[in-house]
1. Counting just the residues of the range 41-59 that are surrounded by fewer than 11 Cβ atoms within 10 Å (Cβ to Cβ) and under 18 Å from the mean Cα position of the chain (by Cα), which one comes out nearest to LEU82 (Cα to Cα)?
2. Are any residues in the range 9-40 open to solvent by less than 60 Å² (accessible area, probe 1.4 Å) and part of a helix (DSSP H, G or I), and if so, which ones?
3. What pairs come up if the first residue lies in the range 17-45 and is free of Cβ contacts under 8 Å to residues at least 12 places away in the same chain, the second is of a type in the set (Ser, Thr, Tyr), and their beta carbons are under 7 Å apart, counting only those six or more places apart or on different chains?
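The values are calculated or read from the model by the stated rules, or taken from the named source; none is laboratory data. A quick note: this is a predicted structure, and the numbers were derived from the prediction, not measured. Virtual Cβ from ideal backbone geometry, glycine too; neighbours counted across all protein chains shown. Only protein heavy atoms, including side chains, enter the accessible area calculation; ligands, DNA and RNA are left aside. Shrake-Rupley method; radii C 1.70, N 1.55, O 1.52, S 1.80 Å.
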Amino acid sequence: MHLYWAGSATAGALLGSLVPDRVTGLDFALTALFVVLALDAVRDLRGDLPTPLLALLCALAARFLFPHQLLLAAFALFTAGLLARHLASGRKPAHV
């Protein structure tokens with residue numbers, strides 16, 4: 001999975017450098033992707049704390065508690081929150 005992700009990111013960066021500067025609106029694609037992923041997460045409500053709300057709470061907590069290490073703290077809090085939610089739910093992981 002990591003090789004797939006890293007390879008795709010590298011290919012995207014290399015191919016992206018070939019796109020002419022006169023092309024407009026392409027910079028919105030990543031924002032649109034995250035909006036679609038967020039909407040998907042909101043639709044996947046299972047009676048527990050929704051993932052986007054958990055992410056927002058972690059970002060706000062990191063902003064006020066660790067302002068100089070915001071990104072690292074937010075990711076760490078979010079990971080801990082996801083693990084706590086998973087352990088509290090008692091569900092087995094889905095097999096892909």
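1. Keep residues of the range 41-59 that are surrounded by fewer than 11 Cβ atoms within 10 Å (Cβ to Cβ), which gives 43-44, 46-47.
Keeping just the survivors that are under 18 Å from the mean Cα position of the chain (by Cα) gives 43-44.
On the way: ARG43: 17, ASP44: 14 Å.
In this case the residue turns out to be ASP44.
2. Start the filter on the range 9-40 by keeping residues that are open to solvent by less than 60 Å² (accessible area, probe 1.4 Å), which leaves 9, 11-12, 16, 19-20, 25, 29, 32, 38.
Across the range 9-40, the qualifying residues are ALA9, ALA11, GLY12, GLY16, ALA29, ALA32, ALA38.
3. What qualifies is ALA41/THR51.
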